[in-house]
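Taken together, the values in this text are just the output of simple stated rules run on the coordinates, not laboratory data. Note that the structure is predicted; figures quoted are calculated from it, not measured. Heads up, the Cβs are rebuilt from the backbone with ideal geometry, glycines too, and the neighbour counts pull from every protein chain shown.
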Amino acid sequence: MTTTLDQLFVRVRAENRAALIAYIPAGFPTIEGCKKAIKALVAGGVDAIEIGFPYSDPVMDGPIIQEAAERSLSQGTSAADVFSALKCATEAGVAAVVMTYWNPIERYGVDEFAKSIADNGGSGVITPDLTIEESERWIAATKNNGISPIYVVAPSTNDSRLSKVTQRCSGFIYAASLMGVTGTRTSISSGASDLVGRIRKVSDLPIAVGLGVSNHAQAREVAGYADGVIVGSAFIKCLLEAQTEEKGLQAITDLAKDLAKGVREGR
């Protein structure tokens, strides 16, 4: 079964460019404000949206995303709000996935979670803390519902492990550009392009690079060697620092336009 995400990567490859993927936690800055932000990101030119499932113990997230998740959780954001945000993204005409730690999937019900992703037009789920050894139930649930299991690999992942993990992925492979947590950075680690080169030797799946991309120059640089450029903290920072909701939405639209231009200049 082909997902909207699969179709996106076919299209951007034909256009000889990378896809721009934006991350936003469900329920941030508010439950309705998240939907406005999704529409603003799409208007700015992002190709896909990654909806974060806000979680109280986010091992991979830096302070900016943690702050956004805490704000979301304080407003009582639920699994239903995550799926509602996902539906908002897919109805806005872009490919969309959910990024979540394993605990919320298990609490919700493994098969039920995969079905809810599919029912709301989602293409897959990124699970940063789920190992392939513990994935049998999840892989079966994603297959049954026609969605992609997406795993995260890092520069520290050795070649033998890289081959095993990428074989279990579909949709795309999430390449973490560095060892550490999410956040905006002044430069992208050289480890990112090395990691993408290593993945290319063992998989022909699209590779999206995340962690640290925050501006035009970085988006252009990563788009030169990756199939997707993931940006999260930079968008969230705009919303956290904005004095009004309207200014925040304008800021993320402007940033999306700038990053979309950068991505198209990468090759």
Computed [θ] at 222 nm, deg cm²/dmol, the chain (DSSP H ≥ 4; -39,500 (n - 2.57); rounded to nearest 500): -15500 deg cm²/dmol
So what is the relative contact order for the chain, in percent, with contacts set as C-alpha pairs under 8 Å and at least six apart? 23
For L240, L259, order by how many other beta-carbon atoms lie within 10 Å, fewest first: L240, L259
Taking the chain as a Gaussian network, Cα atoms linked when under 10 Å apart, which of G228, G62, G52 shows the biggest mean-square fluctuation? G62
Taking the Cα centre of the range 31-127 as origin, sum charge times position over the Cβ atoms of Lys and Arg (+1) and Asp and Glu (-1), and report the length of that vector in debye to the nearest 20. 280
Would you kindly state how much longer the chain becomes between R267 and D119 on full extension, computed as 0.36 nm times their sequence separation minus their alpha carbon distance, in nm to one decimal? 49.7 nm
Under a 5 Å amide H to amide H cut-off, with H placed in plane at 1.01 Å, what residues pair with V152 once short-range neighbours are removed? T127
List the GluC sites (Glu not before Pro) in the range 1-89 that DSSP assigns to loop (not H, G, I, E or B) and whose Cβ has at most 14 other Cβ atoms within 10 Å. Which are they? E15
Arranged by the count of other C-beta atoms within 10 angstrom, fewest first, what order do M99, M1 take? M1, M99
Past 21 Å, Cα to Cα: identify those pairs from K35/K237; K35/K247; K39/K115; K35/K87, in the order given. K39/K115
Which value, to two decimals, describes the C-alpha radius of gyration of the range 4-260 once divided by 2.2 N^0.38 Å? 0.91
Quick check for me: using +1 on Lys/Arg Cβ and -1 on Asp/Glu Cβ, what's the dipole size of the range 4-260 about its Cα centre, in debye to the nearest 20? 540
Computed over the range 113-267, Cα set: Rg, Dmax in Å: 16.6, 49
Taking R0 as 35 Å, what FRET efficiency do you get between E136 and S156 from their Cβ-Cβ distance, rounded to the nearest 0.05? 0.90
Which of T127, G197, I236 sits closest to the plus end of the dipole of the chain, meaning its Cα is farthest towards the positive end, when Lys and Arg get +1 and Asp and Glu get -1 on the C-beta? G197
Most mobile of T142, T30, T244 per a Gaussian network model of the chain (Cα springs, under 10 Å)? T244
Once both labels are modelled 7 Å past Cα along the beta-carbon direction, what's the D194-E70 spacing in nm? 3.4
